[in-house]
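Sending over a structure as structure tokens; questions will come in a sec.
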Amino acid sequence: MADKSFLSWPFFEDRHRELAERLDAWCTTNLPVAHHDVDAACRELVGKLGSDGWLKPTALDTNNPGPLDVRTLCITRETLARHDGLADFAFAMQGLGTGALSLFGSPEQQQWLAKTRAGKAISAFALSEPRSGSDVANTEMTATRDGDSYVLSGEKTWISNGGIADLYVVFARTGEAPGAKGLSAFLVPGDAKGLGIAERLEVIAPHPLARLSFDKVRLPAAALIGRPGDGFRIAMSVLDVFRSTVGAAALGFARRALDESIKRVAERKLFGAPMAELQMVQGHIADMALDVDAAALLVYRAAWTKDMGAARVTREAAMAKLFATDKAQEVIDKAVQLHGGDGVRKGHIVESLYREIRALRIYEGASDVQKVVIARQVMGAA
Ligand SMILES: Cc1cc2nc3c(=O)[nH]c(=O)nc-3n(C[C@H](O)[C@H](O)[C@H](O)COP(=O)(O)OP(=O)(O)OC[C@H]3O[C@@H](n4cnc5c(N)ncnc54)[C@H](O)[C@@H]3O)c2cc1C
């Protein structure tokens, strides 16, 4: 049974506490789903999460507009991740993929949101390229104005939901200025002519992932999100909302690893007594619990700060993501150690957590990049 004492912290309102309980019960009944075909599993998860109403917080409700509630996003990701990494992925991408539309989309573009919130359309966020991952300013893909159209040419890679998405938010160079200031964001339907899957990518914790090719993809001028040259600002604003939720997912993985370890050391006997009686084992459990609580404090501080109306939470979100993902890796590694041989057995829960956590320290800004962000924020404020 996961420790839920954090829900009594002052960061939350009763609606968050109630959500955590209801979602946990839903997860116990509905998760995990079979993962052998990740495309089918993701479609099933998006459909299920949508039809049961869990995707509503991922995007703007155009009938009742208001800011995205980051605490709700974080609690949902933490809870889903504790039960099934792929369910967390399916939920997270509906938010990340449509974030630019929620924050900057035209009313026409925002018509997609009713579908993504209901699980009837799958979304993706396409920023990274083969030669520009961390270095977004180096984006090479071009969007050239041609009368009433934009024509997109180039490649995007590591695109989650690549191949199964119904809509992509794509960042491309429109050239208003050199570097980051010359990028713009576009809404690209999944069936756009010239958009192709160049390669499906397999990673250690499988989920739908692809390299995409854009061969003169012609879009109406109305596909532009925000203004020309706003692309980098839009991407960073979206990440400002969703970055702390990556920390929340890591927290869910870490909490599951801790729960499994507590169970294991109570049940497993070594040298005539439960492992839990060995002081070195207690030391590991204490370190794990400490890291989980500290990560939770940083994640929910960032979420609360954003929900209280802060324009940007760059420093708080970077700290939350960096600490929660790096520490979750350590917590899960300890869980593997405490499980002995079972910890590395294919199909064991801690083995899958060990694979699940790794990419979170790389995407949406690698750990090293978060350190640069934090240092700039801290030194800039001094
Ligand atoms: C599973 C997965 C899913 C992804 N999903 C998406 C998606 O949906 N959409 C999307 O657009 N992208 C996605 N990405 C791409 C991801 O955002 C990039 O992989 C990430 O930004 C790193 O870029 P890169 O892989 O090109 O590595 P590089 O940019 O080459 O960086 C390599 C390493 O260099 C180090 N480094 C980088 N910058 C600095 C610095 N300033 N100082 C010190 N060290 C530094 C870091 O350790 C980094 O890991 C995904 C990636 C993965 C692995």
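State yes or no: is Lys156 in contact with a strand residue (DSSP E or B) (Cβ under 8 Å, 6 or more places away or on another chain) and surrounded by fewer than 16 Cβ atoms within 10 Å (Cβ to Cβ)?
Numbers: in contact with a strand residue (DSSP E or B) (Cβ under 8 Å, 6 or more places away or on another chain): yes; surrounded by fewer than 16 Cβ atoms within 10 Å (Cβ to Cβ): no.
It is false that Lys156 is in contact with a strand residue (DSSP E or B) (Cβ under 8 Å, 6 or more places away or on another chain) and surrounded by fewer than 16 Cβ atoms within 10 Å (Cβ to Cβ).
The conditions are (1) open to solvent by 20 Å² or more (accessible area, probe 1.4 Å); (2) modelled with pLDDT of 95 or more; (3) under 21 Å from Asp240 (Cα atoms), and Glu330 fails exactly one of them. Which is it?
Every listed condition holds for Glu330 apart from (3).
In addition: Do any helices (runs of 4 or more DSSP H) lying entirely in segment 1-118 carry at least 3 residues that are polar (S, T, N, Q) and open to solvent by 20 Å² or more (accessible area, probe 1.4 Å), and which ones are they?
Numbers: elements: 14-30, 38-51, 70-83, 85-104, 112-117.
In segment 1-118, 14-30 are the helices (runs of 4 or more DSSP H) which contain 3 or more residues that are polar (S, T, N, Q) and open to solvent by 20 Å² or more (accessible area, probe 1.4 Å).
Sticking with this one: Being among the aromatic types (Phe, Trp, Tyr), under 22 Å from Gly99 (Cβ atoms) and away from the ligand (no atom under 14 Å from the Cβ) is the requirement here; does Tyr150 meet it?
yes
Considering only segment 270-284, I want to know if a residue exists there that is in contact (Cβ under 8 Å) with a residue 40 or more places away in the chain and closer than 23 Å to Phe6 by Cα.
For segment 270-284, residues in contact (Cβ under 8 Å) with a residue 40 or more places away in the chain and closer than 23 Å to Phe6 by Cα: present.
Then there is this: Residue by residue through segment 218-238, note down the ones that are under 30 Å from Glu78 (Cβ atoms) and either open to solvent by 10 Å² or more (accessible area, probe 1.4 Å) or of a type in the set (Val, Ile, Thr) (or both).
Ile225, Phe232, Arg233, Ile234, Met236, Ser237, Val238 - these are the residues of segment 218-238 that are under 30 Å from Glu78 (Cβ atoms) and either open to solvent by 10 Å² or more (accessible area, probe 1.4 Å) or of a type in the set (Val, Ile, Thr) (or both).
May I ask you to say which residue of Phe104, Phe125 is more than 11 Å from the ligand (Cβ to nearest atom), at pLDDT 95 or above and in contact with a strand residue (DSSP E or B) (Cβ under 6 Å, 6 or more places away or on another chain)?
Phe104
With (1) within 12 Å of the ligand (Cβ to nearest atom); (2) crowded, with 17+ Cβ neighbours inside 10 Å; (3) over 20 Å from Leu239 (Cβ atoms) as the list, and Pro130 as the residue in question, which single condition is left unmet?
So Pro130 meets the others, but not (2).
Of all residues being over 19 Å from Gly226 (Cα atoms) and assigned to a strand (DSSP E or B) in segment 159-188, which is nearest to the ligand (Cβ to nearest atom)? Just the residue, please.
Within segment 159-188, the subset over 19 Å from Gly226 (Cα atoms) is 159-166.
Now restrict to residues that are assigned to a strand (DSSP E or B): 159-160.
Details: Ile159: 5, Ser160: 3 Å.
The selected residue is Ser160.
Take segment 65-97 and flag every residue that is among the basic types (Lys, Arg) and within 18 Å of Leu353 (Cα to Cα).
Arg77, Arg82
The values are calculated or read from the model by the stated rules, or taken from the named source; none is laboratory data. Everything numeric in this text was worked out from a predicted model, so none of it was measured. Note that we place each Cβ from the backbone using ideal geometry, even for glycine, and neighbour counts take in every protein chain shown. These accessible areas exclude ligands, DNA and RNA; they are computed on the full protein's heavy atoms, side chains included. Shrake-Rupley method; radii C 1.70, N 1.55, O 1.52, S 1.80 Å.
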